[in-house]
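A quick write-up on the structure given underneath.
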Amino acid sequence: MLKRLIVAIGLIGAAIPQLSHAQDWPRRPITLVVPFAAGGSPDIIARALGEELGSALGQNVVIENRGGAGGNIAALHVLEQPADGYTLFFGTSGNMATNKVLYRNLKFDPERDFTPISIAYASCNVLIVPAASPIKSIPDLIAEAKRRPGALSFGSPGVGTAGHLIGELFKSRAGVDLVHVPYRGQAQVINDLLGGHLSMSFEAVATAIPVVQAGTMRGLATSCPKRSPQIAAVPTFAEAGVQDFAIEALALVAIRAQTPAPIVTRLNEAIVKIINGPKLANRIAGMGLIAKSSTSEQARSMLSAEIARWRVVVDAAKIPPLD
């Protein structure tokens with residue numbers, strides 16, 4: 001009994017500094033690190049979220065863009081900062097999930113070193129082909145790929161990117177042989193599709209919307225659980241006959257592990273309220289994305305599921321480790 005009492009007193013004593021720190025927090029501006037250059041969807045959403053979060057917390061939220069190495073540079077920078085609640089990370093499925101299974105010597109562990117605060121949004125991909133392609137549907141594509149194994153190609157912005165991994169997963173689910181062609185950027189993929197040098201690509205909905213609406217590309221299917229309102233004529237993969245292919249990439253706000261729990265709780269409450277509010281939710285939807293929020297534990301569970309899924313894909317496709 002005495003032992004239990006001593007342990008309980010120790011736990012209470014350890015919690016008092018955290019509670020005191022959380023009550024005073026935040027006393028100065030907060031930095032939200034975005035692992036991409038300014039102008040892309042994550043940056044735009046992070047800035048909108050940061051503005052509202054600053055108002056909710058009574059302190060400015062400063063956006064800091066740190067691109068490079070698939071988000072690893074930004075993640076390491078955040079982990080070099082104190083676990084005091086003043087440096088947040090705007091992570092994605094790429095740098096918080098697939099990088100863990102892709103990189104040979106990743107210098108951090110997303111699950112061990114970060115505490116997810118909340119999911120912010122989800123994004124899906126659309127399988128697109130040039131408008132002039134004779135392939136009109138997913139059944140057409142599968143039939144042609146099986147008739148000519150290895151003759152059809154799909155492009156992506158590079159090895160290990162979402163467009164690459166989703167393509168590999170599609171190959172597995174559909175039982176077809178497609179050739180992956182990596183590029184240095186998304187614009188080159190679209191240009192070669194337009195030029196007839198590629199058969200298809202798995203583009204983010206936000207990228208696919210303008211080219212599908214313009215009629216230069218044909219959308220065959222979307223990995224969203226349901227059709228995207230902006231391209232409602234494009235069926236889901238399930239509707240097109242490919243089951244178990246509802247794939248959503250996640251964006252989430254995270255913070256260094258060991259950050260006091262009361263700070264994480266306060267951030268979660270503020271961020272969830274903002275994401276579910278009409279201002280940010282409408283902005284997210286207008287970009288072809290899906291507004292989502294979660295508890296910290298739900299975000300952690302979703303992140304773990306992403307890591308497990310893409311580890312299977314990377315192993316099955318025999319993708320060599322990245323340095």
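The values are calculated or read from the model by the stated rules, or taken from the named source; none is laboratory data. Since the structure is predicted, the reported quantities are computational estimates derived from the model, not experimental observations. As a convention, Cβ positions derive from the backbone with ideal geometry for all residues, glycine included, and neighbour counts pool all protein chains shown. Keep in mind that these areas ignore ligands, DNA and RNA; they rest on the heavy atoms of the full protein, side chains included. Shrake-Rupley method; radii C 1.70, N 1.55, O 1.52, S 1.80 Å.
Points worth noting:
- Hits in the stretch 38-60 (condition: within 12 Å of P26 (Cβ to Cβ) and either part of a helix (DSSP H, G or I) or of a type in the set (G, A, S) (or both)): L53, G54, A56, L57, G58
- Verdict on L76 being open to solvent by 20 Å² or more (accessible area, probe 1.4 Å) and either within 30 Å of Q230 (Cα to Cα) or free of Cβ contacts under 8 Å to residues at least 60 places away in the same chain (or both): yes
- Tally of residues being out of contact with any Gly (no Cβ under 8 Å at 6 or more places or on another chain), closer than 21 Å to T92 by Cβ, modelled with pLDDT of 95 or more and of a type outside the set (D, E) across the stretch 160-187: 5
- Only one entry of T92, T87 meets the criterion of being within 13 Å of the chain's Cα centre (by Cα), at pLDDT 95 or above, open to solvent by 10 Å² or more (accessible area, probe 1.4 Å) and among the β-branched types (V, I, T), and that entry is T92.
- In the stretch 160-208, residue least open to solvent (accessible area, probe 1.4 Å) [restricted to those that are among the hydroxyl-bearing types (S, T, Y) and outside any loop (DSSP other than H, G, I, E, B)]: S201
- If you check A254, A281 for being open to solvent by less than 30 Å² (accessible area, probe 1.4 Å), touching a helix residue (DSSP H, G or I) at 6+ places or on another chain (Cβ under 8 Å) and free of Cβ contacts under 8 Å to residues at least 12 places away in the same chain, only one passes: A281.
- Evaluated against (1) at pLDDT 95 or above; (2) in contact with a Pro (Cβ under 6 Å, 6 or more places away or on another chain); (3) farther than 17 Å from P116 by Cβ, A246 falls short on exactly one condition, (1).
- Within the stretch 269-297, being part of a loop (DSSP other than H, G, I, E, B) and not hydroxyl-bearing (S, T, Y) holds for G277, M287, G288, L289, K292.
- Any pair with Cβ under 8 angstrom, 6 or more apart, that starts in the stretch 13-34 at a residue that is open to solvent by 10 Å² or more (accessible area, probe 1.4 Å) and modelled with pLDDT under 55 and ends at one that is small (G, A, S) and not in a loop (DSSP other than H, G, I, E, B): Q18/A261
- Taking the listed residues K136, K107, the one that is under 30 Å from G241 (Cα atoms), open to solvent by 10 Å² or more (accessible area, probe 1.4 Å) and either in a helix (DSSP H, G or I) or among the charged types (D, E, K, R) (or both) is K136, with no other qualifying.
- For the stretch 303-323, filtered to residues that are small (G, A, S) and touching an Asp or Glu at 6+ places or on another chain (Cβ under 9 Å), the residue that is surrounded by the most Cβ atoms within 10 Å (Cβ to Cβ) is A317.
- Which listed residue, of G219, G215, is among the small types (G, A, S), under 30 Å from L280 (Cα atoms) and over 25 Å from the mean Cα position of the chain (by Cα): G215
- All conditions but one from (1) open to solvent by 10 Å² or more (accessible area, probe 1.4 Å); (2) over 17 Å from the mean Cα position of the chain (by Cα) apply to E248; the one that does not is (2).
- Any hit, the stretch 233-241, residues being assigned to a strand (DSSP E or B) and open to solvent by less than 30 Å² (accessible area, probe 1.4 Å): yes
- Just one of the listed residues (G70, G150) is under 30 Å from G195 (Cα atoms) and crowded, with 20+ Cβ neighbours inside 10 Å, namely G70.
- You will find that of R266, R300, the residue that is open to solvent by 30 Å² or more (accessible area, probe 1.4 Å), outside any loop (DSSP other than H, G, I, E, B), in contact with a strand residue (DSSP E or B) (Cβ under 8 Å, 6 or more places away or on another chain) and at pLDDT 95 or above is R300 and no other.
- Filter pass, G288 being open to solvent by less than 30 Å² (accessible area, probe 1.4 Å) and at pLDDT below 95: yes
- The set of residues in the stretch 213-251 that are touching a helix residue (DSSP H, G or I) at 6+ places or on another chain (Cβ under 8 Å) and among the acidic types (D, E) contains only D244.
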